[in-house]
Amino acid sequence: MDIVIRNGNIVDGSGRPAYIGDIGISAGRINQVGHVSGHGATEIDATGKTVSPGFIDPHTHFDAQLLWDGAAKPAIEHGVTTIVPGNCSLSLAPLKAADRMKLVGMFNQIEEMPLVAFEQGVTWNWETFDEFVGRIQQDLTINVAPLVGHSVLRLWVMGQAATERTATATETAEMQSLLRQCLDAGAIGLSTSFVDMDEKLQPVPSRYADHAELDALCAVLAEYNRILQVVHEFYDIDLTIGRIDQLAELSLKHKITTTLSPLFINRGDFEGVDRVIARIVEQNAAGARVWPQVQTRPIDISFSFAVPSLLFIRLRGWYRVMRFGTPATIMAAFQDETQRQQLVQEATSMMPLWSALILRQVETEANQQYVGKTLAEIAELRGTDALNAMIDLSLEESLDAHFISADMGHNDDDKVGSMLRHPHVMIGASDGGAHILSFSTYGDTGYLLGHFVRDKQLLSMEEAIKKITSDTADIWAIPDRGLLKSGYIADITIFDANTIDRGPEYYVQDVPGDGHRYVRDAIGVETVIIGGAVAYDHLQGYSDEHRGQVIGAPQR
Amino acid sequence: MIKVRKSIHPCATDTWESIAARELAATPLDEGVASLQSWNLHVFSRAPAAADSPRAGNPILPSDLVFLEPPLSAQ
């Protein structure tokens with residue numbers, strides 16, 4: 001055998017109780033579970049450790065990162081072995097050369113992927129979905145189950161008109177044909193968006209599609225038994241319920257699986273969340289398949305004024321300065337007395353928010369004394385208010401002062417925990433690889449297993465592992481993954497249940513073009529096996545194995 | 001069954017006026033339009049399409065959900 005894992009506490013993904021056993025791996029697959037008598041070329045002693053199927057992350061935007069990093073770092077370090085990119089109507093294929101900058105603009109606006117990362121990290125050598133799959137397969141370490149985006153289908157077929165009008169019957173038929181080509185090339189389903197805005201702050205192309213167009217595309221999904229993902233108006237309960245009904249109608253008509261994300265659970269609206277879940281249960285009891293995705297981590301947003309931040313999206317003056325400004329013009333705006341007064345006036349009504357912000361990182365020695373303090377505390381020390389303290393610190397740090405707004409919502413452990421274990425809820429919505437300048441989207445599984453399972457005991461380990469492995473594989477029709485079972489592909493995560501967690505968030509420069517992002521390191525994940533080879537070991541780092549697959553893509 | 005607000009998917013050429021005329025036929029047009037706008041702030045508060053767009057002046061998108069009754073808390 002290639003690898004034998006010995007004496008691990010096996011949580012096999014089925015939800016059944018854990019047990020002590022061995023796992024034998026050969027030719028990329030699990031071939032024995034229980035007692036393994038033969039020796040492996042590699043022997044892994046898992047005594048005292050938990051052995052589970054690799055985790056599946058069903059809502060990511062790693063599309064661009066996969067072009068320069070086939071491991072989607074640091075996802076694997078957190079135990080994730082399969083990711084679903086292409087969510088929310090945005091994928092990087094199919095994409096005509098003429099539309100590249102349009103899509104780059106959308107990724108920049110919606111997912112906060114820096115433009116320079118595309119300029120310096122991407123060689124544009126594909127147009128079709130098949131060519132894109134071939135491109136990312138070259139150095140793939142993690143498994144990828146890519147969605148194709150509705151917005152890019154529209155761009156390909158309709159060009160500029162994609163953001164102006166509904167499709168004609170001929171254009172809809174062309175989109176159906178194009179979707180078939182993508183599904184043949186390995187797309188796991190279709191994604192669409194009812195909320196996102198493009199780089200000009202106009203609705204993305206999918207929002208110009210009427211229900212008939214979406215219905216026609218779902219008819220194609222039905223031919224392939226593939227899934228529809230939507231990002232809906234998650235900020236409004238009635239709209240969320242309306243979308244659930246729309247998805248249920250499509251699911252029942254075409255016999256397809258659908259999923260909507262995210263579903264946030266905020267204090268003050270538990271009744272609304274309960275109505276959403278009740279509607280899901282009603283629709284699924286009637287035979288539909290509608291899966292809301294709930295993320296594990298609380299909402300927090302980090303920012304500096306060097307880049308646009310989601311936190312300011314409702315403050316038009318601030319967002320305009322950040323979105324369309326350069327560091328020099330942003331600093332000039334803060335230094336100009338008139339402009340500063342206007343900005344302060346616009347934001348004064350949100351003083352409780354600014355007061356609660358925590359200064360998390362600065363460059364100068366003089367300001368280190370304030371790190372870890374709230375802006376309210378810093379303002380008191382400086383004899384000013386929180387808003388002006390934030391501006392002053394940003395100027396003193398040449399905009400390299402980093403603040404965090406922590407626990408902004410989705411942070412009631414009991415309620416979120418009850419949703420995470422709900423049989424009609426999928427754990428997901430991590431947004432991995434997106435919003436890299438606002439928060440870390442890595443470590444949600446560690447937070448699930450550390451916080452909700454070990455510390456709060458709101459789910460059992462077996463329940464939680466089943467949710468993020470075999471349940472996800474079933475819902476997404478990902479074959480041969482999600483269970484520790486003979487014959488299944490050997491995607492396996494070995495971790496210490498006593499320590500697994502997500503580490504603290506920090507700002508790192510590892511994006512092409514000297515770009516930055518917020519990340520979290522993993523805690524307690526020891527070994528990750530993908531496709532029957534060790535992809536990552538906590539002591540040795542990443543291996544040279546590249547066994548990742550584009551799930552559903554034809555063998556090349 | 002939980003109570004769900006009645007809504008429609010608009011037609012490609014729908015405006016506030018066309019929806020009011022079709023869906024709230026028993027209500028005077030001006031009143032119907034005003035009601036629709038107040039029940040659909042997610043659409044009403046959106047900037048209308050630009051003047052050079054085929055949908056010039058119309059904020060309603062073909063993918064929208066348009067409510068035909070007030071929020072449940074107001075009923």
Go through segment A:279-301 and count every residue that is within 28 Å of residue A:322 (Cα to Cα), assigned to a strand (DSSP E or B) and touching a helix residue (DSSP H, G or I) at 6+ places or on another chain (Cβ under 9 Å). 1
Say whether the condition of being in a helix (DSSP H, G or I), buried (at least 21 other Cβ atoms within 10 Å of the Cβ) and of a type in the set (D, E, K, R) is met by at least one residue in segment A:426-448. yes
Looking at B:44, B:67 in this structure, which one is modelled with pLDDT under 95 and among the aromatic types (Phe, Trp, Tyr)? B:44
Among the residues of segment A:511-554 satisfying the criterion of being in contact with a helix residue (DSSP H, G or I) (Cβ under 6 Å, 6 or more places away or on another chain) and at pLDDT below 95, which is farthest from residue A:73 (Cα to Cα)? A:553
Which one is surrounded by the fewest Cβ atoms within 10 Å (Cβ to Cβ) among residues in segment A:451-461 that are under 21 Å from residue A:12 (Cβ atoms) and touching a Ser or Thr at 6+ places or on another chain (Cβ under 8 Å)? A:461
Taking segment A:413-434, which residues are touching a Phe, Trp or Tyr at 6+ places or on another chain (Cβ under 8 Å) and free of Cβ contacts under 8 Å to residues at least 60 places away in the same chain? A:413, A:417
One residue from A:294, A:281, A:362, A:321 being closer than 30 Å to residue A:418 by Cα and surrounded by 18 or more Cβ atoms within 10 Å (Cβ to Cβ): A:294
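Give the residue, chosen from A:214, A:263, that is at negative phi, away from chain B (no Cβ under 14 Å) and not basic (Lys, Arg).
Working: A:214 fails: away from chain B (no Cβ under 14 Å).
Result of the check over A:214, A:263: A:263.
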Collect the residues in segment A:107-126 that are closer than 17 Å to residue A:201 by Cα, assigned to a helix (DSSP H, G or I) and in contact with a Pro (Cβ under 9 Å, 6 or more places away or on another chain), keeping them in residue-number order. A:108, A:109
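In segment A:370-382, which residue that is under 24 Å from residue A:516 (Cβ atoms) and not aromatic (Phe, Trp, Tyr) is surrounded by the fewest Cβ atoms within 10 Å (Cβ to Cβ)?
The selected residue is A:372.
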Does residue A:327 qualify as being touching a His at 6+ places or on another chain (Cβ under 8 Å), at pLDDT 90 or above and either outside the structural domain of residue A:236 (by TED's automatic domain parsing) or not charged (D, E, K, R) (or both)? no
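Can you tell me which residue is surrounded by the most Cβ atoms within 10 Å (Cβ to Cβ) among those in segment A:238-259 that are in contact with a Lys or Arg (Cβ under 6 Å, 6 or more places away or on another chain), within 14 Å of chain B (Cβ to nearest Cβ) and without any contact (Cβ under 8 Å) to a residue 40 or more places away in the chain?
Filtering segment A:238-259 down to residues in contact with a Lys or Arg (Cβ under 6 Å, 6 or more places away or on another chain) leaves A:238, A:241, A:244, A:251, A:257.
This time we only want the ones that are within 14 Å of chain B (Cβ to nearest Cβ), so: A:238, A:241, A:244.
If we keep only those that are without any contact (Cβ under 8 Å) to a residue 40 or more places away in the chain as well, we get A:238, A:241.
Details: A:238: 21, A:241: 24.
The residue in question is A:241.
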Give me the residue from segment A:346-359 that is in contact with a Gly (Cβ under 9 Å, 6 or more places away or on another chain) and either among the aliphatic types (A, V, I, L, M) or loosely packed, with under 14 Cβ neighbours inside 10 Å (or both) and, out of that set, farthest from residue A:396 (Cα to Cα). A:347
Go through segment B:47-68 residue by residue and tally those that are within 10 Å of chain A (Cβ to nearest Cβ) and farther than 18 Å from residue A:210 by Cα. 3
Elements of type helices (runs of 4 or more DSSP H) contained in segment A:326-400, each with 1 or more residues being among the β-branched types (Val, Ile, Thr), without any contact (Cβ under 8 Å) to a residue 24 or more places away in the chain and more than 19 Å from residue A:313 (Cα to Cα): A:337-347, A:375-382
Grab the helices (runs of 4 or more DSSP H) fully contained in chain B, keeping just those with 3 or more residues being buried (at least 16 other Cβ atoms within 10 Å of the Cβ). B:16-23, B:29-39
List pairs: first residue in segment A:91-104 and within 16 Å of residue A:136 (Cβ to Cβ) and in the same structural domain as residue A:199 (by TED's automatic domain parsing), second residue among the hydroxyl-bearing types (Ser, Thr, Tyr) and crowded, with 22+ Cβ neighbours inside 10 Å anywhere in the structure, Cβ distance under 8 angstrom, at least six positions apart or on different chains. A:91/A:191
Might you let me know whether segment A:228-236 holds any residue that is modelled with pLDDT under 95, within 10 Å of another protein chain (Cβ to nearest Cβ) and within 30 Å of residue A:314 (Cα to Cα)? yes
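Could you tell me which of the residues A:154, A:135 is in contact (Cβ under 8 Å) with a residue 12 or more places away in the chain and surrounded by fewer than 22 Cβ atoms within 10 Å (Cβ to Cβ)?
Numbers: A:154 fails: surrounded by fewer than 22 Cβ atoms within 10 Å (Cβ to Cβ).
That would be A:135, the only listed residue that is in contact (Cβ under 8 Å) with a residue 12 or more places away in the chain and surrounded by fewer than 22 Cβ atoms within 10 Å (Cβ to Cβ).
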Flagged in segment A:153-202 as part of a strand (DSSP E or B) and either away from chain B (no Cβ under 12 Å) or modelled with pLDDT of 95 or more (or both), in numbering order, are A:189, A:190, A:191, A:192, A:193
What are the pairs with Cβ atoms under 8 angstrom where one residue, in segment A:542-556, is in a loop (DSSP other than H, G, I, E, B) and surrounded by 21 or more Cβ atoms within 10 Å (Cβ to Cβ) and the other, located anywhere, is at pLDDT 95 or above and of a type in the set (D, E, K, R)? Sequence gap at least six, or different chains. A:551/A:481
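The values are calculated or read from the model by the stated rules, or taken from the named source; none is laboratory data. Every value quoted in this text rests on a predicted model; they were computed, and no experiment measured them. Don't worry about glycine lacking a Cβ; one is built from the backbone with ideal geometry, like all the others, and counts go over all protein chains shown.
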